[in-house]
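Peer 1: Take this structure first; my questions come after.
Any read-out appearing in this document is the output of simple, stated calculations on the displayed coordinates, not a laboratory observation. What you are looking at is a predicted structure, and each value in this text was computed from that prediction instead of being measured. Cβ sites come from the backbone with ideal geometry, for glycine too, and all protein chains shown count toward neighbours.
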Amino acid sequence: MEKQTTINQEKLETFRKLLIEKINELLSEAGKTVSEMTNGKENYPDPNDRASLESDRNFELRIRDRERRLIMKMQEAIKRIDDGVFGICESCGGPISEKRLIARPVTTDCIECKTKLEKLEKLKGA
C-alpha cells in the first residue's frame with residue numbers, strides 16, 4: 001500500500017508554484033538559446049574564432065540538456081504532488097524532511113537513504 005504525503009495542502013501548492021515557476025524560467029532561457037543560435041549573424045572567417053564559437057555553443061547545449069533533464073524531474077515532482085506522494089521516500093517509504101524538499105524539491109529519497117545510496121555508489125566506484 002502506497003503511503004500518502006503528510007505535507008499540508010498549502011505547502012504542496014507552494015511547492016507546485018515554485019516548480020512551475022522554475023520550469024517556465026528554464027524554458028524561457030532555452031528559447032533564448034535557440035533564438036541566438038539560429039539568428040545566423042555569426043560569420044567568422046578566422047578558424048580560431050569559429051572554433052571558439054563552436055566550443056561556446058557546445059557548452060551552452062550541454063547546459064540546456066542538463067536543464068531539460070531537470071525540467072523532467074520537476075514535472076515528475078508535480079505529478080507526485082498530484083498523486084499525493086510528494087515528500088515520501090521511494091526507498092524506505094518514510095517522510096522526506098521539509099528542509100530537504102525546500103533545498104531540492106525534485107528529490108525522491110530522504111537524506112538517510114540518499115546518504116546510504118551515495119556510500120554504496122562510492123564503494124562500487126572505488
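Peer 1: Determine which single condition Lys122 fails, assuming it passes every other condition in (1) under 24 Å from Lys3 (Cβ atoms); (2) surrounded by fewer than 12 Cβ atoms within 10 Å (Cβ to Cβ); (3) not hydroxyl-bearing (Ser, Thr, Tyr).
Peer 2: (1)
Peer 1: Could I ask something else about it? Of the residues that make up region 33-42, is at least one polar (S, T, N, Q), assigned to a helix (DSSP H, G or I) and in contact with a helix residue (DSSP H, G or I) (Cβ under 6 Å, 6 or more places away or on another chain)?
Peer 2: Among the residues of region 33-42, at least one is polar (S, T, N, Q), assigned to a helix (DSSP H, G or I) and in contact with a helix residue (DSSP H, G or I) (Cβ under 6 Å, 6 or more places away or on another chain), which makes the answer yes.
Peer 1: Does any residue of region 77-92 turn out to be over 23 Å from Leu117 (Cβ atoms), of a type in the set (Gly, Ala, Ser) and free of Cβ contacts under 8 Å to residues at least 24 places away in the same chain?
Peer 2: no
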